[in-house]
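Following: one structure in structure tokens, then a few remarks.
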Amino acid sequence: MSTEHADTPAAAGAATHRSRGGLLFLRDVVVIVVIAIVASFLLKTFFVRSFYIPSASMENTLQINDRILVDEITPRFGGYHRGDVVVFSDPGGWLPVQPASPPKPWIAQVADSALTFVGLSTADSDDHLVKRVIGLPGDHVQCCNALGQLSVNGTPVDETSYVKLQPGESAPQPVPFNVTVPKDSLWVLGDNRDESRDSRYNQNDPGKGFVPMSDVVGRAFLITWPFDRFGLIGTHSSAFAGVPGPTGTASSGTPGP
């Protein structure tokens with residue numbers, strides 16, 4: 001007797017089971033992907049963002065095309081400190097006007113927007129700057145003394161541990177300033193002092209060279225790429241250890257935004 005019809009229900013059941021198993025697997029994959037996207041979005045929005053370094057203004061601390069992570073949440077509770085490396089949006093006129101670039105293919109635009117949305121791309125890095133905090137609200141910051149050092153609240157700061165000097169030079173080229181940092185603002189300078197368009201060069205702008213705290217994204221804390229440069233970004237807080245607070249108190253931090 002033929003078994004063709006006798007085997008059909010079992011075969012159909014097995015096929016249904018495989019189909020159901022495939023759908024369950026697909027559902028699990030979709031759930032995992034959605035959870036990963038939501039987690040990445042929340043991480044990027046509230047905790048950490050990724051940026052790349054487009055210029056040499058922070059050498060040797062940061063190199064061109066380094067990828068860095070920026071801590072958005074900790075400064076909201078602990079504030080910023082002298083020596084912190086911060087990322088901030090252009091306060092107005094700090095960045096040169098960029099020529100219009102050729103439009104990307106639509107699929108590349110969609111992919112880049114999606115990756116930026118979840119914090120895996122750095123599409124807005126060209127709209128931001130990265131510098132080191134030198135002056136906090138209320139600080140009196142001045143340059144320079146006979147040794148080419150700047151001072152904060154009357155105390156000279158030895159920046160040799162992080163400032164990049166030109167060959168044969170013992171100090172950066174002096175760019176005079178004598179300012180008191182207003183409330184809710186920062187005074188920032190690049191580590192590659194002679195190649196950095198920072199607070200010094202924007203003193204004649206409406207913002208007088210100060211960076212509003214509301215423009216600061218957060219504190220850069222980690223180099224993630226290239227892998228041979230993976231590591232923490234130093235704050236060199238010891239350089240500011242002897243600097244008193246604006247009123248003469250030993251304070252180096254200010255509340256975050």
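The values are calculated or read from the model by the stated rules, or taken from the named source; none is laboratory data. What you are looking at is a predicted structure, and each value in this text was computed from that prediction instead of being measured. A quick note on method: Cβ atoms are made from the backbone with ideal geometry, for glycine too, and the neighbour counts reach across all protein chains shown. All accessible areas refer to the heavy atoms of the entire protein, side chains included, with ligands and DNA or RNA removed. Shrake-Rupley method; radii C 1.70, N 1.55, O 1.52, S 1.80 Å.
Here are some notes:
- For segment 140-179, a tally of residues being hydroxyl-bearing (Ser, Thr, Tyr) and buried (at least 16 other Cβ atoms within 10 Å of the Cβ) returns 2.
- Single condition Val181 does not satisfy, out of (1) out of contact with any Leu (no Cβ under 7 Å at 6 or more places or on another chain); (2) without any contact (Cβ under 8 Å) to a residue 60 or more places away in the chain; (3) of a type in the set (Val, Ile, Thr): (1)
- Residues of segment 190-219 satisfying the condition of being closer than 18 Å to Gly135 by Cβ and open to solvent by less than 20 Å² (accessible area, probe 1.4 Å): Gly190, Asp191, Arg193, Ser196, Asp198, Ser199, Arg200, Asn202, Gly209, Val211, Met213, Val216
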